[in-house]
Amino acid sequence: MPKSSQKTGGDTAWFTHDRFGMFIHWGIYASAARHEWVKNRERLTDEHYSRYFDHFDPDLYDPAAWAREARNAGMKYFVVTSKHHDGFCLWDSALTDYKAPNTPAARDLLKPMVEAFRSEGLKTGFYHSLIDWHHPEFPVDGLHPRRDDADFRNANKDRDINKYVEYLHGQTRELLSSLGRIDVMWFDFSYSGSDWGWSKGKGKDDWQSEKLIELVRSLQPHIVLNDRLEIGGDIRTPEQYQPREWLTVDGKPVVWEACQTFSGSWGYYRDEYTWKSVDMLVQMLIDTVSKGGNLLLNVGPNARGEFDPRAVERLRGMGEWMRLHSRSIYGCTASGFTPPPDCRYTQNGRRLYLHLFAWPFKHVHLDGLAGKVEYAQLLNDASEIAMREIDPHAQVQNTTMSGSAGTLTLEIPVRKPPVAVPVIELFLKG
Ligand code: GLC
């Protein structure tokens, strides 16, 4: 069984055990309701964008309800946007006026969230944007909403990134010293490889990443740090795709977390309809763990402070599956055995979990497992699954099946159990 051999500073033991977290993208872009990049995409001015700040009034915000949904879905940690690229801050930062307490919300929205999720037993993480399209000292580049406005660019050509970095580091200090133990720090993102001719992207030298990491580690030494500062980090973070195999760096398996959306947008998007089905989402979680990774699944609450009903339906569907099957997820990782087509294995010591994405007629053939399994059962109802090892040389009749050496054949019911993805729990011999 592969194991991550990456050596980093943070405590990833709980992380690789828990496997499933909730991402939350929430800010004033929820009012625009058409993607968290709306300011960039539509090249909006600060003046125009201020309408969302002036009208942000999440009157139905109930963080305890959010936390319950996350816990019931089987999620064990959450990562929320303290600030996204638009620069808006959810907490009562002393370093800016551009924050929730100054909107009609009139209060710190982050602290009660952290408290609510903690009391449901979830660990806490912050997504914090390195990019800032509001800060007056953030140099205008090719991603900035005003990139095409030559007058604006010219009038702002003397912006000083060092002043912005002071703010970035200062806010990081605030976040990591005023809210107790923080388990994950998720900075986003570096793009030093981009070049627009008149401007270049930003990366570790701009953010002073090394110094920033030192600060983070000094305040929360155990924290799990992501990889978007352009220097190391504890976890790799593939976004909106499922890796084909366990992620490696320099040929070595690393700790990783796929981040995924329900519908393609991170922020609340009213008119987006490419919502994934519960079945697809459950498969995504299994697929991730079968390759040794975590899944961070995103919710984009609306501007009244509620989860989209489409998200709630999916969270509950996943929760239903997790209620019966979480032991094929928590504490599990990739298996050294190769599964049959349309199946995934996860493994936790002597327990091997076979996940069937498609339900075949009567038989599942597990190569390499003959003689190795002491007992098999369906996980959803703990009902026995009969096993056969067929002698490859035996004479067979038309109504019996021939086998091949080394293969264990499971006899499964004709009817698929009524769950999104059936799981067969195989107890390996000691
Ligand atoms: C990206 C996007 C962003 C989203 C994030 C999540 O880098 O800029 O909007 O927050 O990824 O991984």
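The values are calculated or read from the model by the stated rules, or taken from the named source; none is laboratory data. The structure displayed is predicted, hence computed values, not measured ones. As a convention, Cβ positions derive from the backbone with ideal geometry for all residues, glycine included, and neighbour counts pool all protein chains shown.
Quick look at the values:
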| quantity | calculated |
| --- | --- |
| Matching residues, segment 25-72, being more than 16 Å from the ligand (Cβ to nearest atom) and in a loop (DSSP other than H, G, I, E, B) | ARG43, THR45, HIS55, PHE56, ASP57, PRO58, ASP59, LEU60, TYR61, ASP62 |
| Criterion: within 16 Å of the ligand (Cβ to nearest atom), modelled with pLDDT of 95 or more, surrounded by fewer than 18 Cβ atoms within 10 Å (Cβ to Cβ) and not hydrophobic (A, V, I, L, M, F, W, C) - qualifying residue of GLY197, GLY193 | GLY193 |
| Output for segment 149-161, where each listed residue is farther than 22 Å from ARG41 by Cα and touching a residue at least 24 places away in the same chain (Cβ under 8 Å) | ILE161 |
| Strands (runs of 3 or more DSSP E) contained in segment 271-369 and holding at least 3 residues more than 22 Å from the chain's Cα centre (by Cα) | 351-356, 363-367 |
| Failed item, numbered, when ILE182 is tested on (1) part of a loop (DSSP other than H, G, I, E, B); (2) without any contact (Cβ under 8 Å) to a residue 40 or more places away in the chain | (2) |
| In segment 118-146, the residues that are buried (at least 20 other Cβ atoms within 10 Å of the Cβ), out of contact with any Lys or Arg (no Cβ under 8 Å at 6 or more places or on another chain) and farther than 19 Å from LEU212 by Cα | HIS144 |
| Every residue from segment 78-137 that is hydroxyl-bearing (Ser, Thr, Tyr) and in contact with a Ser or Thr (Cβ under 9 Å, 6 or more places away or on another chain) | THR81, SER82, SER93, TYR127, SER129 |
| Any hit, segment 83-98, residues being surrounded by 15 or more Cβ atoms within 10 Å (Cβ to Cβ) and free of Cβ contacts under 8 Å to residues at least 40 places away in the same chain | yes |
| Near pairs, Cβ below 9 angstrom, 6+ apart or cross-chain, from segment 25-36 (farther than 14 Å from GLY305 by Cβ and among the charged types (D, E, K, R)) to any residue that is assigned to a strand (DSSP E or B) and within 13 Å of the ligand (Cβ to nearest atom) | ARG34/TYR269; GLU36/THR81; GLU36/TYR269 |
